[in-house]
Amino acid sequence: MAKIAPSVLGADFSQLGNEIRRADQAGVDMLHLDIMDGHFVPNISFGPGIVKTIDTISNTFLDVHLMLSEPEKYFEAFAKAGADSITFHYEARPEPLPLVKQIKSLGCETGLSINPDTDVEKVLPFLKEVDIFLIMSVFPGFGGQKFIKSALSAVSTAREYINLHHLNTAIQVDGGIDADNAVSVAEAGADILVMGTAFFGCKDKAALTQKVKAL
Ligand code: DX5
Ligand code: ZN
């Protein structure tokens, strides 16, 4: 069984409340919230204020993905805004353990992410410390990009490591996932599939959600 995490970046922001409610009604497992600083990635998205607004609309687990050069500066603000998990990038903080501790102390689940060109082997030793390992299947910064297939081998490597060491860490994959390639992502060993454009562009969100959950 896979989990589905719609990326709110793919929603129609003029209808944000309705888009969130429609996602909830479809039975999604979590909402994926992409935070960009215009520095770690070449785009700016939204901040804790919007996360707090979403938290007032929805009871769903809020999965915050920080694409920030200085993620630790904002952990507290996002925790207060209602984040249930906070993920930051290994490329921003290659010595991630003190930050993982900070997130835990705020009462949130922890996540570590890698870009498509980062060697997965480098982060394997940290996986036992985090709840979520987020493997990017696009270079972060924008929704609607094409899925990078080489991410699948990183997923398989992480899956093998997690199984071998009996870890509870969930593998999440993010970027360019749709109803078709979702199958290969799940087969490679992903637990959570992020879906922005494909989810919010889909009319029958409940059917799509069921399809992903059945993978
Ligand atoms: C990319 C973001 C992703 C992305 C997902 O920087 O982290 O969450 O927006 O959207 P799609 O599914 O459109 O690639
Ligand atoms: Zn994301």
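Quick look at the numbers
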item: Contacts under 8 angstrom Cβ, first residue in segment 19-30 being farther than 22 Å from residue 1 by Cβ, partner of a type outside the set (D, E, K, R) and open to solvent by less than 10 Å² (accessible area, probe 1.4 Å), 6 or more apart; result: 19/8; 20/8; 20/31; 20/54; 20/58; 21/58
item: Leading residue by the ranking (surrounded by the most Cβ atoms within 10 Å (Cβ to Cβ)) among those in segment 123-134 that are over 22 Å from residue 39 (Cβ atoms) and within 16 Å of ligand 1 (Cβ to nearest atom); result: 133
item: Residue match in segment 142-164 (condition: at pLDDT 95 or above, surrounded by fewer than 17 Cβ atoms within 10 Å (Cβ to Cβ) and within 24 Å of residue 108 (Cβ to Cβ)); result: no
item: Enumeration of residues in segment 10-27 that are assigned to a helix (DSSP H, G or I) and buried (at least 19 other Cβ atoms within 10 Å of the Cβ); result: 10, 19, 20, 23
item: Residues satisfying the stated conditions in segment 109-122, i.e. open to solvent by 10 Å² or more (accessible area, probe 1.4 Å) and within 16 Å of ligand 2 (Cβ to nearest atom); result: 109, 115, 116, 118
item: Hey, residue 34 more than 16 Å from ligand 1 (Cβ to nearest atom) and of a type in the set (Asp, Glu) or not; result: no
item: Subset tally (residues that are open to solvent by less than 50 Å² (accessible area, probe 1.4 Å) and either touching a residue at least 60 places away in the same chain (Cβ under 8 Å) or touching a strand residue (DSSP E or B) at 6+ places or on another chain (Cβ under 8 Å) (or both)) for segment 165-178; result: 8
item: Single residue of segment 45-73 satisfying the filter (of a type in the set (Ser, Thr, Tyr) and under 22 Å from residue 10 (Cβ atoms)) that is farthest from ligand 1 (Cβ to nearest atom); result: 56
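The values are calculated or read from the model by the stated rules, or taken from the named source; none is laboratory data. Treat the numbers as computed from the prediction; the structure is a model and nothing was measured. Cβ coordinates were reconstructed from backbone atoms using ideal geometry, including for glycine residues, and neighbour counts include every protein chain displayed. Surface areas here come from the heavy atoms of the whole protein model, side chains and all, with no ligands, DNA or RNA. Shrake-Rupley method; radii C 1.70, N 1.55, O 1.52, S 1.80 Å.
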